[in-house]
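> My questions will all concern the structure given below.
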Amino acid sequence: MKDDMAKQLMTRIAKGDKTAFAELYRAYEAPLYRFITSKLRDPFEANDVLHDVFMEVWRAAAKFEGRSAVKTWLFGIAYRKVMDRFRKSARTELTDEPPEEVDEQDGFCDLAQAQEAGHVRFCIETLKAAHRMVIELVFYQEMTCREVAETVDIPEGTVKTRLFHAKKLLMHCISGRMQGQFV
Amino acid sequence: MTTSDEDDDLGLEGLLPFYVNGTLDADDRARVDAALAEDADLAAQLAVYRSMSSDVTARETANTPGEFGLARLMRDIDAEEKTTPPQIQMQSPLWRYAAAVALALLVLQTAVVMLAPDQGFELAGGGTGAGDGPALTVAFRSDAAEAQIRDALLGLDLEIVSGPSAIGLYTLRALDDQAAAEAVSQLDQMDDLIESVELEE
């Protein structure tokens with residue numbers, strides 16, 4: 001859905017239009033759910049978070065001033081809801097720590113073969129949730145660096161750093177698996 | 001996209017994920033293209049990001065709540081509306097400006113009242129008609145009708161400036177000494193209306 005159309009829906013939702021709310025839900029439910037499950041693996045918990053996101057959309061629609069894209073605003077709400085779940089359940093994880101030393105040789109494995117063998121998928125799953133969420137926003141949601149930064153509320157430089165660390169950890173994992181180490 | 005690699009340490013490699021997802025602006029894309037043509041290591045890094053992208057985009061989205069999720073939302077919204085009074089939409093800039101102007105006027109009015117010389121209280125009718133003319137103290141009969149009193153006061157250009165007191169006395173004000181003397185004379189003859197009338201010193 002184009003942003004100007006989404007903003008028109010938001011204007012109607014702010015006036016209590018439930019038809020517009022349903023239209024926005026149908027447009028963004030799937031990508032938001034996918035984004036939430038990239039961090040929360042429990043589908044029931046993800047359902048609850050998605051519900052909370054859209055309840056907040058309904059309640060806070062009048063506060064949306066249109067300065068950011070609707071999509072960025074929605075994903076930002078989802079990100080905060082997920083992080084709240086993490087905090088409440090005392091699940092913690094470090095986000096931007098440098099990866100452990102990665103062998104420079106890691107960069108020379110056969111990626112096509114690794115992909116075919118399922119190593120890429122396996123290794124992406126082993127990444128920290130903060131890395132997976134940024135990867136999801138960049139490669140599936142096709143957000144700009146600025147949009148990702150706004151969504152996750154971090155500087156653009158940190159977005160790039162997070163992707164860089166994710167890539168190094170991924171290569172380290174793939175190399176290990178390709179050499180039969182199964183990290 | 002307006003991202004710049006000058007403010008971070010990653011250089012052009014920091015742009016590679018956004019080169020892959022197609023969100024770089026033309027200038028940044030041209031810079032990455034030029035660098036890739038000459039830098040085999042950068043090209044190798046690009047291949048890793050492409051591999052990540054193709055894996056992520058190939059994944060199917062899990063079953064979403066779909067229409068059941070929407071029905072649950074509508075149910076909760078309806079329940080919330082029944083328990084919460086509708087909110088007035090105060091987010092419009094117009095409301096904010098109106099509120100700010102009203103507040104400024106209130107502050108200004110308060111300042112004027114507080115800073116003005118103390119002139120004491122004045123009745124709403126003060127300053128018109130009788131002004132600071134001589135005062136009369138009058139006791140109306142207990143059975144006097146309001147219409148009779150009004151007619152008498154209007155006919156004699158008198159204003160009630162205070163009263164009734166604890167013992168039922170009213171203070172009236174006349175335009176001038178002559179009018180006050182005339183009023184005393186007239187009121188003194190209204191036995192069905194006036195119990196007593198006296199010109200104050």
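> Do we find that A:GLY76 is at positive phi and outside the structural domain of A:GLU147 (by TED's automatic domain parsing) in this structure?
No; evaluated as a whole, the condition is false for this residue.
> Can you pull out every residue in the stretch B:159-180 that is touching a strand residue (DSSP E or B) at 6+ places or on another chain (Cβ under 7 Å), over 17 Å from B:ASP132 (Cβ atoms) and loosely packed, with under 14 Cβ neighbours inside 10 Å?
Scanning the stretch B:159-180 gives B:PRO164, B:GLY168.
> Out of the stretch B:160-175, which residues are over 18 Å from B:ARG141 (Cα atoms) and not small (Gly, Ala, Ser)?
Those that are over 18 Å from B:ARG141 (Cα atoms) and not small (Gly, Ala, Ser): B:VAL161, B:ARG173, B:LEU175.
> If we scan the stretch B:56-67, do we find a residue that is in contact with a Leu (Cβ under 9 Å, 6 or more places away or on another chain) and at pLDDT 85 or above?
yes
> Residues A:VAL152, A:VAL148, A:VAL134, A:VAL138: which one is at pLDDT 85 or above, more than 12 Å from every other protein chain (Cβ to nearest Cβ), buried (at least 16 other Cβ atoms within 10 Å of the Cβ) and within 14 Å of the chain's Cα centre (by Cα)?
Criteria check complete, one pass: A:VAL152.
> Follow-up question, since we're still on this one. Looking at the structure I just gave you, is A:LYS63 farther than 16 Å from B:LEU73 by Cα and touching a Phe, Trp or Tyr at 6+ places or on another chain (Cβ under 9 Å)?
no
> Among residues belonging to the stretch A:8-29 that are closer than 15 Å to A:ALA69 by Cβ and buried (at least 16 other Cβ atoms within 10 Å of the Cβ), point out the one that is farthest from the other protein chains (Cβ to nearest Cβ).
A:LEU9
The values are calculated or read from the model by the stated rules, or taken from the named source; none is laboratory data. Source: prediction; values computed, not measured. Positions of Cβ are backbone-derived with ideal geometry, glycine not excepted, and every protein chain shown enters the neighbour counts.
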